[in-house]
Amino acid sequence: MVTVDLASTGRYRRIAVIGGGPAGLMAAEVLSNAGLHVEVFDAMPSVARKFLLAGRGGLNLTHSEAPDIFVSRYGTRRAEVGLWLDEFGPQQLRDWAHALGIATFVGSSGRVFPHEMKAAPLLRAWLHRLRAAGVMFHARHRWLGWEGDGALRFATPSGATKVGADATVLALGGGSWARLGSDGAWVALLAARGVTVQSLRAANCGFNAAWSDHLRQRFAGTPVKNVSAAFTAADGSVVKQQGEFLITEHGVEGNLIYALSALLRDAIELTGSATLTIDLAPGRGLQRLAQDLALPRGRDSLANHLRRRTGITGVKAALLHEFATPEDLAAPERLAALIKSLPLRLESPRPLDEAISSAGGVDFAARDENLMLPALPGIFCAGEMLTWYTERTTCRVSQFPTYKRLPRSSSAV
């Protein structure tokens, strides 16, 4: 076994950051800027693999909504997370990206993207700056826990390695997309040391629905655009979301679904299913729809009548037929009501490994105000490992604690 003692290899105190995703890289940057020697260890051949994959379809960095609305997205943890966002929120994130030479813009949805709509240029600039600041990177180092003397134990291609450090930041992600590094293996390691960890569950995920063979075979992979959805939560409140979603072979996914996924998941866990009400024509009133559908069809087929009078075609028409009875199709008032309130029953979330992110993780009460684990002094946690992440509806870099709250001086570590 090779032994490396970070505390004896250079200036100031030594910090090990385990996990090279956005949370780990941000922690490394802030700690390095504070004058500490930082080394990043990652199990994969290169860092930030999930970050790069997320950026293939356009990297959503943050959102331009008002600060009070933004922080409300964290639900029951908004007070605590709000303190972090006061130090490093959406605008500070944009400023940070600009300092890397990455210009950003606000899309029509209010979301913020880099102008190039890609993650790779940002990551290249970020890693260049980190290396220039002295941050060291160790790829293919899978963390296995601790040795008896408290040193960190890693599996590497050349065998087991033991690393000593003055403090450790764990930024190991959740349990989704295991092939990119977030496999949740850390759960058992922390639980064995007395850290309270909530079970990892799918978040920002798709859901299973019992489609007919026709809908599945004909429309899987088709987006359903310009719709709105409503869901009645357990407390009776109604949550609404407008946008689009995707029909999949197994059910539904997409931004509209992800925005409501935590509520839908919790409802399914409580009652066994969740019914999402879809408005296929959000720009049309119920009464006007019923009047238009009541107009004589003449020789038009029902499909042509729907197209001419309501604009419902393609996948929307298929969804309508999926849930409508013959009686619904024959009565304009009932058909209009179904267009405005289509009951989409969801049976279960898709598997955790398919989710964009995961809920659960290190219990919020298991860390102190500096994100240290009192059960393991000198061990800090960041990002998706923490249960605060479960309150969010979308994945943004600015969501990850940035360690501006960590001790800055070597004497405080």
### Message
Exactly one of these conditions fails for Gly145: (1) of a type outside the set (Asp, Glu); (2) farther than 30 Å from Leu263 by Cβ; (3) in contact with a Cys (Cβ under 8 Å, 6 or more places away or on another chain). Give me its number.
### Response
(3)
### Query
Which number in (1) surrounded by 21 or more Cβ atoms within 10 Å (Cβ to Cβ); (2) over 27 Å from Asp363 (Cβ atoms) marks the one condition that Ser46 misses?
(1)
### Query
Out of curiosity, is His214 of a type outside the set (Gly, Ala, Ser), more than 30 Å from Asp183 (Cβ to Cβ) and in contact (Cβ under 8 Å) with a residue 12 or more places away in the chain?
yes
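Does Ala34 satisfy the criteria of being surrounded by 13 or more Cβ atoms within 10 Å (Cβ to Cβ) and modelled with pLDDT of 95 or more?
Criteria not met by Ala34.
Return yes when Ile278 is outside any helix (DSSP H, G or I) and modelled with pLDDT of 95 or more and no when it is not. Don't jump to the end; show me each part of the working.
Numbers: outside any helix (DSSP H, G or I): yes; modelled with pLDDT of 95 or more: yes.
It is true that Ile278 is outside any helix (DSSP H, G or I) and modelled with pLDDT of 95 or more.
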### Selection count where residues are charged (D, E, K, R) and surrounded by 15 or more Cβ atoms within 10 Å (Cβ to Cβ), scope the range 288-307
2
### Query
Is it the case that some residue within the range 191-209 is buried (at least 16 other Cβ atoms within 10 Å of the Cβ) and under 27 Å from Arg14 (Cβ atoms)?
yes
### Yes/no for Arg129 being over 22 Å from Gly174 (Cα atoms) and in contact with a His (Cβ under 7 Å, 6 or more places away or on another chain)
no
### Task
Out of the residues in the range 152-176 that are surrounded by fewer than 19 Cβ atoms within 10 Å (Cβ to Cβ) and of a type in the set (A, V, I, L, M), state the one that is nearest to Ser46 (Cα to Cα).
Ala155
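For residues in the range 349-375 being of a type outside the set (A, V, I, L, M) and out of contact with any Ser or Thr (no Cβ under 8 Å at 6 or more places or on another chain), which is nearest to Leu295 (Cα to Cα)? Walk me through it before giving the result.
As a first pass, look at the range 349-375 and keep what is of a type outside the set (A, V, I, L, M): 349-351, 353-354, 357-358, 360-361, 363-364, 367-370, 374.
From the residues that got through so far, the ones that are out of contact with any Ser or Thr (no Cβ under 8 Å at 6 or more places or on another chain) too are 350-351, 367-370, 374.
Working: Arg350: 42, Pro351: 46, Arg367: 64, Asp368: 66, Glu369: 65, Asn370: 66, Pro374: 70 Å.
Step by step, filter the range 349-375, then rank; the result is Arg350.
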### Message
So Asp368 passes all but one of these: (1) at pLDDT 95 or above; (2) surrounded by fewer than 13 Cβ atoms within 10 Å (Cβ to Cβ). Which condition number does it fail?
### Response
(1)
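Give me the helices (runs of 4 or more DSSP H) completely within the range 152-271, filtered to those with at least 1 residues that are at pLDDT 95 or above, within 26 Å of Val38 (Cβ to Cβ) and aliphatic (A, V, I, L, M), ordered by residue number.
In the range 152-271, the matching helices (runs of 4 or more DSSP H) lie at 186-191.
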### Message
Which of the numbered conditions does Ala103 fail, given that it passes all the others? Conditions: (1) touching a residue at least 40 places away in the same chain (Cβ under 8 Å); (2) exposed (fewer than 13 other Cβ atoms within 10 Å of the Cβ).
### Response
(1)
### Query
How many residues are touching a Ser or Thr at 6+ places or on another chain (Cβ under 8 Å) and either more than 15 Å from Ala209 (Cβ to Cβ) or touching a residue at least 60 places away in the same chain (Cβ under 8 Å) (or both) if we restrict to the range 244-254?
1
#### Entry: Residue satisfying all of: in the range 268-287; surrounded by fewer than 13 Cβ atoms within 10 Å (Cβ to Cβ) and not hydroxyl-bearing (Ser, Thr, Tyr); farthest from Val238 (Cα to Cα) among these
Gln287
### Message
On the basis of being at pLDDT 90 or above and surrounded by fewer than 20 Cβ atoms within 10 Å (Cβ to Cβ), does Asp5 make the cut?
### Response
no
### Every residue from the range 106-139 that is closer than 27 Å to Ala34 by Cα and not aliphatic (A, V, I, L, M)
Pro121, Arg124, Trp126, His128, Arg129, Arg131, Gly134, Phe137, His138
### Query
Among the numbered criteria (1) free of Cβ contacts under 8 Å to residues at least 12 places away in the same chain; (2) surrounded by fewer than 16 Cβ atoms within 10 Å (Cβ to Cβ), which single criterion is violated by Gly82?
(2)
### Task
Return the total of residues in the range 57-75 being more than 14 Å from the chain's Cα centre (by Cα) and either loosely packed, with under 12 Cβ neighbours inside 10 Å or assigned to a strand (DSSP E or B) (or both).
4
#### Entry: Test for Ala119: is it hydrophobic (A, V, I, L, M, F, W, C), at pLDDT below 95 and surrounded by 15 or more Cβ atoms within 10 Å (Cβ to Cβ)
yes
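The values are calculated or read from the model by the stated rules, or taken from the named source; none is laboratory data. Treat the numbers as computed from the prediction; the structure is a model and nothing was measured. Backbone-built Cβ (ideal geometry, glycine too); neighbour counts: all protein chains shown.
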